[in-house]
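Trainee: Take this structure first; my questions come after.
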Amino acid sequence: MERCDRLAGIFTMMSVAGGTGSGVGTYITQCLRDMYPQSFIFNQLTWPYGAGEVTVQNYNSVLTLSHLYQLSDAILVHENDTVHKICSRLMNIKHISINDVNKVIAHQLGSVLQPAYTADSSGHYCRNPIGELLSSVVCHPEYKLLSLCNIPQMSSTSLAYSAFNWPGLLKHLRQMLIASARMEEGIDWTVSVPSAVASGGESGTNSRQKCFNVSIANLLILRGKDVSTAQTDGFKDAGLYVPWFTTENSFSTWNSPVPFNGYEKSATLVSNSQSLLKPLDNIVRKAWDMFASRAYLHQYTKFGISEEDFLDSFTALEQIISSYTHL
């Protein structure tokens, strides 16, 4: 970093299930924050399979996330269960390996971090993608959790016989946002945006009961042929966003005419919304159940992590859950 002419930010990638990724990754992030207090720190986290990878993965996840939330400027989450489904259902991979999972995550991250034009880049590719991204979607220090959707994603065999248009891609991506879907397959098309008139009445209540996903801010990144013709007005609907933040500041667009990774047209949405509430709540609930029965606590206390440390972490995450729930 000392050789950088300009340090735009720091991007780290880590898992939260095991001790190495979660413990060492959090420690490194803390060291980086101490050394570079004014720099952006952007963490990418891979959440464990719900069925379980490590016996104490929920403990590790709770401890890691609660500490990173204080250190990081934003946390982008990939769920192993979701990525596994993309490999199986969209990529048609029969025997899924860690390499296959990593390729999907790398593809999604590349679709965000590859050079693109932004509203402030004045005809030149953005020179500070991390800073631009964080300023676009992280408008409040209490809301730092980001999710990512990317379409299309398919096997190379299927891609050779497929054609895409911007209206179709953006229609699907918008509904994925509204219904909190992680991939094109299985989108719930019955979920709709509450109207301004009905938002406080019965219709609005029913829409919320149908799992409408409230957003704080969204960043749409378009890449490929005829990108200038893409109409993004559907993402500017004020009903998608919290009422305390203006729509003009809630939605941003990047674009590039260069196709990405073999796709003639592709769209990526980075969202700060309620979409991670369910997986986060599941992790906290499972960890709390274990903690209540004092399961495996000795493996932590012998290394100096007290029960009070656990309680502080639970409190921090429950506050995050509460904040996102009441958007």
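We did not get these values from a lab; they are worked out from the coordinates using the rules stated. Nothing here was measured: the structure is a model prediction, and the numbers come from that model. Note: ideal-geometry Cβ built from the backbone for every residue, glycine included; neighbour counts use all protein chains shown.
Trainee: Output the pairs from K85/K278; K171/K265; K171/K236; K236/K265; K144/K278 with a Cα-Cα distance over 19 Å in this structure; if there are none, say none.
Mentor: Beyond 19 Å between Cα atoms: K236/K265.
Trainee: In whole angstrom, note down how far apart the Cα centers of region 46-99 and region 121-138 are.
Mentor: First find each Cα centre; the distance between them is then 27 Å.
Trainee: To the nearest 10 degrees, how steep is helix 307-325 against the longest Cα principal axis of the chain, on a 0 to 90 scale?
Mentor: So the inclination is approximately 20 degrees.
Trainee: If you don't mind, another one. When every alpha-carbon pair in the chain is counted, what percent end up more than 38 Å apart?
Mentor: 15 percent
Trainee: While we're here: Projected onto the charge dipole of the chain (+1 at Lys/Arg Cβ, -1 at Asp/Glu Cβ, origin at the Cα centre), which of L159, L222, S39 gives the Cα projection farthest towards the positive end?
Mentor: Projecting each Cα onto the dipole axis, the largest value belongs to L159.
Trainee: Next question. Straight-line reach from K302: which lysines have a Cα under 28 Å away, not including same-chain ones fewer than 8 places off?
Mentor: Once the sequence-local lysines are set aside, what remains near K302 is K286.
Trainee: Then there's this: F251's amide H: which non-local residues (gap 5+, or another chain) put their own amide H closer than 5 Å, with H modeled 1.01 Å from N in plane and none for Pro or chain starts?
Mentor: N218
Trainee: Read phi for every residue in region 62-78 and hand back ³J(HN,Hα) as whole Hz from Karplus 6.51 cos²θ - 1.76 cosθ + 1.60, θ = phi - 60°, with x for Gly and Pro.
Mentor: In residue order, the calculated couplings are 5, 5, 5, 5, 5, 7, 5, 5, 7, 9, 8, 8, 7, 10, 9, 10, 10 Hz.
Trainee: May I pose another question? Which shape class applies to region 42-104: rounded if a/c is under 1.5, otherwise prolate when a/b exceeds b/c and oblate if not, where a ≥ b ≥ c are the square roots of the Cα gyration tensor eigenvalues?
Mentor: oblate
Trainee: Need one number: nm distance between label points at I98 and D34, each 7 Å from Cα along Cα→Cβ, rounded to one decimal.
Mentor: The two pseudo-label positions are separated by 2.9 nm.
Trainee: If you average 1/r over all unlike Cα pairs in region 206-327 and invert the result, what Kirkwood radius do you get in angstrom?
Mentor: One decimal place: 17.8 Å for the Kirkwood radius.
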